[in-house]
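Handing you this structure, nothing more for now.
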Amino acid sequence: MNFKIYSAFLVASSILSPLLDIGFIDNRALALESRQTLPENQTIAPSLKHYDPNPLNSQLIEPSDRIPDYLAPTELSLTSAPINTSINTPINAQINTSINSVSQLSDIKTTDWAFTALQSLVERYGCIAGYPDQNYRGKQAIARYEFAAGLNACLDKINEILSAGLADKIGQTDLATLKKLQAEFATELSMLRGRVDALETKSSQIAAQQFSPTTKLNVLSSFNLSSAFSSGNILAEGLPIAGSIPVARFAARNPITGSPIVGTIAGNPNTTLSYSNYLLLTSSFTGSDSLNLILAMGNGNPPSSFYSSAGFSSTFGVPYADSNPVLPSAANTVGLFEFFYSFPINDNLRLQIGPRILPFRQFDVNRFTSVINGAGGLNSYQSPLANSGLSGAGAILSWRMSEQLLLKAGYLARNDGSFAYFTDSASNPNRGLFGGSNQILTELTYSPSDAINLRFLYSRTYNQAPPAAPLGQPNFPFFLTYSARGVVDDGFGGRLQDSTGDNFVFNFDWLLNKSLGLFGRYSYSSLRIAPVNLAIAGGNVNLQAFQFGLAFPDLAKEGALGTISLSIPFQVLSGRNFLVAGNGDGGTQYDLELTYSYPIQKFITLTPSLFATFNANNFSSNPTIWGAVLRTQFLF
């Protein structure tokens with residue numbers, strides 16, 4: 001091989017080295033790349049821009065290199081990619097199209113020894129394209145087969161020019177060089193074309209079957225190292241329930257004074273190590289629908305619950321992951337967490353229907369308050385009054401009204417079974433779909449830009465009263481809110497009729513710049529109290545809650561997120577006389593949460609959280625309760 005051919009080989013080798021990633025015009029050369037890698041700017045954490053996808057509501061089977069944020073509350077996408085996006089989309093659509101001038105390659109200089117040859121391949125024949133960052137990376141090494149693939153692409157381009165009757169556009173020297181290279185790499189080119197033909201046949205078969213039923217499995221697991229302590233004794237309403245998991249208390253009144261029973265909690269709980277695990281199965285039958293099934297198990301028994309009043313159990317100082325996701329089932333029991341079917345009605349409407357839907361992942365979402373990588377405490381990730389982690393049977397309709405407006409409306413009949421004495425399951429004919437506890441929810445989201453989301457939620461709740469207790473036993477607790485916070489009676493220890501409530505939430509998140517965001521909520525609830533004893537006057541209990549926070553996206557590392565959240569979770573405005581637990585001494589509880597989600601690598605995130613609870617249980621005399629949780633999260 002003479003010096004001219006050898007030089008041409010070196011130039012072409014330098015040009016073609018990253019061909020599978022750069023993207024030759026010929027798609028067959030690109031088809032040799034059988035594996036996909038994450039783009040450099042892609043992370044597991046949800047995008048901090050405004051976006052609509054809710055992975056379990058509308059997202060279909062995703063490419064294997066994308067991990068959906070299944071449990072994080074996100075907003076619904078009404079348009080979804082086909083189920084085999086990674087197959088149907090040409091590979092070179094994932095990278096830059098061919099460039100027109102060598103000057104577009106930022107790392108190529110006119111003084112480079114290969115500049116002239118590179119300029120010819122780019123500007124005369126259009127054989128190559130640059131990386132997405134506009135670099136060429138000519139010093140990267142290649143194998144003979146990679147070079148052959150690039151040579152094949154250039155040969156095909158030359159053939160196109162010849163077929164178009166433009167032979168005069170091709171230099172004879174270039175033709176001679178290509179012929180010698182073609183002869184030199186005849187074996188590799190032959191094998192390459194055979195592999196390409198086989199791949200094209202396989203791709204055609206897959207494409208023809210792209211809408212066959214397919215199920216994808218994802219796993220979300222968390223290890224939680226948790227601790228809580230206080231500098232003094234804590235006052236809490238209710239009597240301790242022996243052996244309860246998580247630690248809980250039973251609300252009751254003093255039979256002599258009629259006042260709520262208040263106990264003193266001394267000492268501190270021990271540090272715990274718990275886990276939660278979710279198996280997420282997402283299936284599609286048409287390419288635009290999705291059947292979503294989540295199975296879960298865990299053994300969380302958060303130490304902070306050691307200090308809580310009746311009705312506040314597992315609320316403050318507790319991240320979502322540090323709990324048993326299938327209560328009241330025993331720890332380490334596999335149970336159904338969520339199950340629903342989602343499908344489009346048209347381009348702007350999508351319906352979700354199922355026997356077990358979690359409203360907290362559909363309504364009152366916020367990009368900075370996520371159970372995955374944001375402010376994820378049980379008093380932080382959603383409104384503690386209006387929304388709830390309790391599941392329901394029913395349907396949710398989403399309407400994309402415009403680029404800026406999204407309207408959601410739903411009806412859900414509670415069927416979580418958190419309280420064993422309830423019979424309000426939608427599958428129970430004694431109550432059915434409409435006779436037990438239920439809620440009607442409507443939310444309007446206005447997004448004037450990618451940086452700002454404003455949400456307005458209204459929910460109407462119907463709370464079924466617990467049944468009468470056995471003779472001589474205290475009443476079963478009637479939890480005031482649909483989120484199971486606070487316990488009420490008729491003010492004298494008597495039972496209540498079924499209750500209704502009106503709940504309003506304003507929720508916002510605002511990305512000020514790429515490194516700083518704001519978020520917050522205001523909640524107001526008015527709940528009707530109707531005593532069974534008609535001689536006792538009823539009334540209303542009115543509550544409000546606040547939250548304000550700062551968010552720090554990409555703090556110290558791309559994909560990381562730090563949050564500071566300050567909230568008032570349960571402030572009583574009126575109707576204190578009906579509260580058996582939740583009023584305290586009339587004080588106001590404040591919660592401070594600091595959380596930092598740090599991605600160690602693609603599938604593993606380390607999340608330390610620090611909690612401080614002031615005036616716990618609404619007792620102004622209570623000392624501060626501190627909590628710390630170190631969560632290791634696996635999402636794949």
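The values are calculated or read from the model by the stated rules, or taken from the named source; none is laboratory data. Treat the numbers as computed from the prediction; the structure is a model and nothing was measured. Don't worry about glycine lacking a Cβ; one is built from the backbone with ideal geometry, like all the others, and counts go over all protein chains shown. We work out accessible area using only protein heavy atoms, side chains counted, and drop any ligands, DNA or RNA first. Shrake-Rupley method; radii C 1.70, N 1.55, O 1.52, S 1.80 Å.
Of the cross-linked pairs Lys216/Lys602; Lys139/Lys216; Lys139/Lys179; Lys139/Lys514; Lys216/Lys514; Lys408/Lys602, which ones have a Cα-Cα span greater than 28 Å in the structure shown?
The pairs that break the limit, which is 28 Å between Cα atoms, are Lys139/Lys216; Lys139/Lys514; Lys216/Lys514; Lys408/Lys602.
What number, in percent, do you get for the relative contact order of the range 181-270 if the mean sequence gap of Cα pairs under 8 Å and at least 6 apart is divided by its residue count?
For the range 181-270, the relative contact order is 24 percent.
Follow-up question, since we're still on this one. In square nanometres and to one decimal, what's the mean projected area of the convex hull around the Cα atoms of the range 307-354?
5.8 nm²
Going by average Cβ density within 10 Å per residue, which order do the peptides 112-118, 318-324 take, highest to lowest?
318-324, 112-118
Which order do the peptides 215-221, 151-157 come out in when sorted by mean C-beta neighbours inside 10 angstrom, highest first?
Highest-to-lowest ranking by the protection proxy: 151-157, 215-221.
Kirkwood hydrodynamic radius, computed over distinct alpha-carbon pairs, for the range 512-636: how many Å, to one decimal?
17.2 Å
Expressed as a fraction of 2.2 N^0.38 Å, the rule-of-thumb size for a compact globular protein of N residues, what is the C-alpha radius of gyration of the range 563-636?
Working it through for the range 563-636, the quotient is 1.48.
Beta carbons within 10 angstrom, averaged per residue: use that to sort the peptides 302-309, 492-499, highest first.
Values: 302-309: 27.6, 492-499: 16.8.
Highest-to-lowest ranking by the protection proxy: 302-309, 492-499.
In whole Å, what is the distance between the alpha-carbon centres of the range 171-191 and the range 522-544?
Value for the Cα centre distance between the two parts: 86 Å.
Also, quick follow-up: Relative contact order for the range 291-364 using alpha-carbon pairs under 8 Å, separation at least 6, rounded to a whole percent?
Rounded, it is 34 percent for the range 291-364.
While we're looking at this one, here's another question. Where the centroid of each part is defined by its Cα atoms, how far is the range 455-499 from the range 238-316 in Å?
18 Å
Of the heavy-atom accessible surface of the range 563-632 (probe 1.4 angstrom), what whole percent is carbon and sulfur?
Percent of accessible area from carbon and sulfur atoms in the range 563-632: 66.
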